Amino acid sequence: MPPEKHALLGASSAHRWLNCPGSARLTENMPDSVSPYAEAGRLAHEIAELKARQYFVEELPKRSFNAKLKKLKASEHYDKSMDGATDEYLEHLKARAMSYPTAPTVALEVQVDFSDIVPEGFGTADCIMIGSGMIDVVDYKNGSGVLVKAENNPQMMLYAWGALNYFRPIFGDSIHTVHMSIVQPNAGGVREWEMDIQELTLFAEGAIAPAAYHAWHGTQEFHSGEWCQFCKAKATCTERAKAMFDVEPMLGACPAGVDDDRDYFDPNHEGGRAQLLTDHEIGDILTRGKDVATWLKDLEAYALKATLDGRPIAGWKAVEGRGGREWNGGSDAAFEQLQSRGVAEAMLYERKPVSVAGLEKALGKKAFAEAADGLWSKTPGKPTLVPESDKRPPYNPAAAAFGGGD
Ligand code: SF4
């Protein structure tokens, strides 16, 4: 996948600038940071593209295909799970292609232009299929940290809009349905959503175009929310900081319809507020606390970098963390010396059984499933508090006791 050149109002950042239009100009000259996750994502995209190209676009001789794949797998960012994940992407593309009454046109890594609704807006769609009145937009995501939904996803809708622009010279206005899929094998699999062209047009022209206009012209409208995690100003933004300290409105804010069975008012002081938090308030504070914890981590990362760059952060300094010890000249050379000094070889090596997860990572999902079939089972985990949005079912002590927890 070629790196997506950065449009000020890019599709991949649309969720952020639609919710916080001021963030676009605020961050436009801030440097990008390169994370190992981004590099791994880029590599997984290249592997996914190679497989899809081989199947749909141009079948290379097996040797050339294998040589290309081997080259990609030699990257330091490669890990075995990318094999299964990119296979899942290819399988989804095949299934989508099969759903068309006649074989669709398939295009990979398509640079789409949506500058008719977003100033200088463009992006790269991983896969587009079109034909029989339908257009498919498919996006591969390698990450496991943040689950990306397909429903009402502005990035996907912008790709779809750009794809329609791209194919209009050939297909005219014959397309009536847009199908969007996000393939995120490391975070729950495939999520899909469909809309008709009228809905897409309403969204593109009625919601995106006006927001993009404001963002482009440097509005000072800022709103913090979960999109801040993808913002280059996430550590230094005062709007986000304000939101983190805005605790008071939560207290006593029990929404209509929620049964607050605690003594909300202090029984000893008529009309007075109780000294104890209600269960509802505790829930709110825990939810907010997660955001605050994330924000503090962002601040710490920023402050450490600033300190190392020579910009003092009031009240803080960088120190050397706890280091480790290593064998001079490598373990082989050191162990030889140790044995010559009377240390038994058996003391120099640890033999530990590999974990189920460790072997699965080393072999890859498919090979693991074959090799370890019937040799492992799941032990129930301890009850853990998670946000309500977590996709796991609520803890069931009876099911856990009988090993039925999943
Ligand atoms: S950190 Fe959040 S509130 Fe601040 S500019 Fe970025 S997206 Fe907007």
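Read-outs: derived from the displayed coordinates by stated rules, not from any lab. Bear in mind that the values here come from a model prediction, so they are computed numbers and not experimental data. In this analysis, Cβ positions are derived from the backbone assuming ideal geometry, glycine residues included, and neighbour counts consider all displayed protein chains.
Give the cross-link partners of residue 317 among the lysines, using a straight C-alpha distance below 19 Å as the criterion and excluding same-chain residues fewer than 8 apart.
297, 305
Quick one: in the stretch 295-341, what % of C-alpha pairs are over 11 Å apart?
74
Can you list residues whose amide H is under 5 Å from residue 223's amide H, if they're 5+ apart or on another chain and H is modeled 1.01 Å from N?
Here the answer is 22, since their amide H atoms fall under 5 Å of that of residue 223.
Per-residue HN-Hα couplings for the stretch 22-34, Karplus 6.51 cos²θ - 1.76 cosθ + 1.60 at θ = phi - 60°, whole Hz, x for Gly and Pro?
Couplings: x, 5, 4, 6, 4, 9, 4, 9, 7, x, 7, 9, 9 Hz.
Which of 363, 18 comes first, and how do the rest follow, when ranked by fewest Cβ neighbours within 10 Å?
363, 18
Using a 10 Å cut-off on Cβ atoms, rank the peptides 86-94, 26-34 from the highest mean neighbour count down.
The peptides rank, most packed first, as 86-94, 26-34.
Filter the cross-link list 62/141; 73/365; 80/352; 62/365 down to pairs whose alpha-carbon distance in this structure exceeds 18 Å.
62/141; 80/352; 62/365, as the Cα separations exceed 18 Å there.
Normalise the Cα radius of gyration of the stretch 14-223 by 2.2 N^0.38 Å (N = residues in it) and let me know the number.
1.07
Could you list 302, 140 so that the one with the fewest beta carbons within 10 Å of its beta carbon is first and the one with the most is last?
Starting with the residue having the fewest Cβ neighbours, the order is 302, 140.
Roughly what % of Cα-Cα distances in the chain sit above 26 Å, to the whole percent?
Here the long-distance tail beyond 26 Å is 69 percent of all Cα pairs in the chain.
Loop only per DSSP, at most 10 neighbouring Cβ atoms within 10 Å: give me the GluC sites (Glu not before Pro) in the stretch 291-330, ordered by residue number.
Those satisfying the criteria are 320, 326.
Please give the residues of the stretch 185-209, grouped as numeric ranges, whose backbone N is less than 12 Å from a label point set 7 Å along the Cα-to-Cβ vector of residue 221.
The answer is 207-209.
Hey, with R₀ at 51 Å, roughly what FRET efficiency would residue 99 and residue 305 work out to, going by the Cβ-Cβ distance, to 0.05?
Efficiency computed from Cβ-Cβ geometry: 0.60.
At 15 angstrom or more along the helix axis (alpha-carbon based) and mean Kyte-Doolittle of 0.0 or higher, what helices does the chain contain? Whole DSSP H runs only.
Qualifying helices, which must be both long enough and hydrophobic enough, are 154-171.
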